[in-house]
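The values are calculated or read from the model by the stated rules, or taken from the named source; none is laboratory data. Please read all numbers here as calculations on a predicted model, not as lab measurements. Because the Cβ atoms are built from the backbone with ideal geometry, glycine has one as well, and the counts that use them run over all protein chains shown.
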Amino acid sequence: MKNLIKLIFFVGYASAQLPVAVIEFDGKGITEQEASALSDRLRSELIAEGSYRVIERGMMEEILSEQGFQQTGCTSDECIVEVGRMIGIDRMIGGSISKVGDLLSVSSKIVSVETGEIYKSITFDLEGNIELMLSDGMKSVAYLLAGKEAPEIKRRKGYLKLPSKYIIYLCIALFLIYETIE
């Protein structure tokens, strides 16, 4: 009897999760590898957050390669809908990750495959480096996509901004001048 109750609870919980697939995010001002790593991290964070049942990336890529489709650069709503239809899912998550100066910005949306309607659109900005976005920022993006408040991001040692190259050049020049004076 206990196992039956557990099974009913599990089935109810699994069906409460909305199935989604996350298409590779477009990187602007970051490398393709960084955009891919951040997309993978978002998948993991969505699974951990618990509101969505996320289609595994490998399965999605296998279906798309069988159909002769490459998802690289697929960020328009029409492209996202097309990929969703190919893999047989109702909702897709896509977007872009941009870096301008020290600001990293994630723009993400959940798109209905059936209607092309955007269910949810969020923007998350983080001042820092790509490592901080990977370790903490994508968790915030997952929470925002689930309609929850994003967890606070605490600065940690090792994530301090490096001085600009001009300051480094100035320090080297001052050091060389100091060395020649002595």
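Just checking, how many residues over segment 109-145 are more than 20 Å from Val81 (Cα to Cα), at pLDDT below 95, surrounded by fewer than 17 Cβ atoms within 10 Å (Cβ to Cβ) and in contact with a strand residue (DSSP E or B) (Cβ under 7 Å, 6 or more places away or on another chain)? Total satisfying the criteria: 1.
For segment 34-52, the criterion of being touching a helix residue (DSSP H, G or I) at 6+ places or on another chain (Cβ under 7 Å), farther than 20 Å from Ile97 by Cα and buried (at least 19 other Cβ atoms within 10 Å of the Cβ) is satisfied by at least one residue.
One residue stands out in segment 23-46 among those that are assigned to a helix (DSSP H, G or I) and of a type in the set (Asp, Glu): the one that is farthest from the chain's Cα centre (by Cα), namely Glu32.
Being aliphatic (A, V, I, L, M) and under 15 Å from the mean Cα position of the chain (by Cα) is the requirement here; does Ile87 meet it?
Values: aliphatic (A, V, I, L, M): yes; under 15 Å from the mean Cα position of the chain (by Cα): no.
In short, no.
Taking segment 100-125 as the range and being in contact with an Asp or Glu (Cβ under 6 Å, 6 or more places away or on another chain), among the hydrophobic types (A, V, I, L, M, F, W, C) and part of a strand (DSSP E or B) as the test, the residues that pass are Leu103, Val111.
In segment 59-99, which residues are modelled with pLDDT of 85 or more and outside any helix (DSSP H, G or I)? Those that are modelled with pLDDT of 85 or more and outside any helix (DSSP H, G or I): Gly88, Ile89, Asp90, Arg91, Met92, Ile93, Gly94, Gly95, Ser96, Ile97, Ser98, Lys99.
Of everything in segment 47-58, what is without any contact (Cβ under 8 Å) to a residue 24 or more places away in the chain and assigned to a helix (DSSP H, G or I)? Give them in sequence order.
Ile47, Gly58
For segment 80-100, which residues satisfy the criterion of being without any contact (Cβ under 8 Å) to a residue 40 or more places away in the chain and of a type outside the set (Val, Ile, Thr)?
Just the residues of segment 80-100 that are without any contact (Cβ under 8 Å) to a residue 40 or more places away in the chain, to begin with: 81-82, 85-86, 88.
Glu82, Arg85, Met86, Gly88 - these are the residues of segment 80-100 that are without any contact (Cβ under 8 Å) to a residue 40 or more places away in the chain and of a type outside the set (Val, Ile, Thr).
In this structure, is Leu64 touching a residue at least 24 places away in the same chain (Cβ under 8 Å) and crowded, with 17+ Cβ neighbours inside 10 Å?
On the way: touching a residue at least 24 places away in the same chain (Cβ under 8 Å): no; crowded, with 17+ Cβ neighbours inside 10 Å: yes.
Taking the combined requirement at face value, the residue does not satisfy it.
Among the residues here, Lys157 qualifies as over 22 Å from the mean Cα position of the chain (by Cα), modelled with pLDDT under 90 and within 30 Å of Arg43 (Cβ to Cβ).
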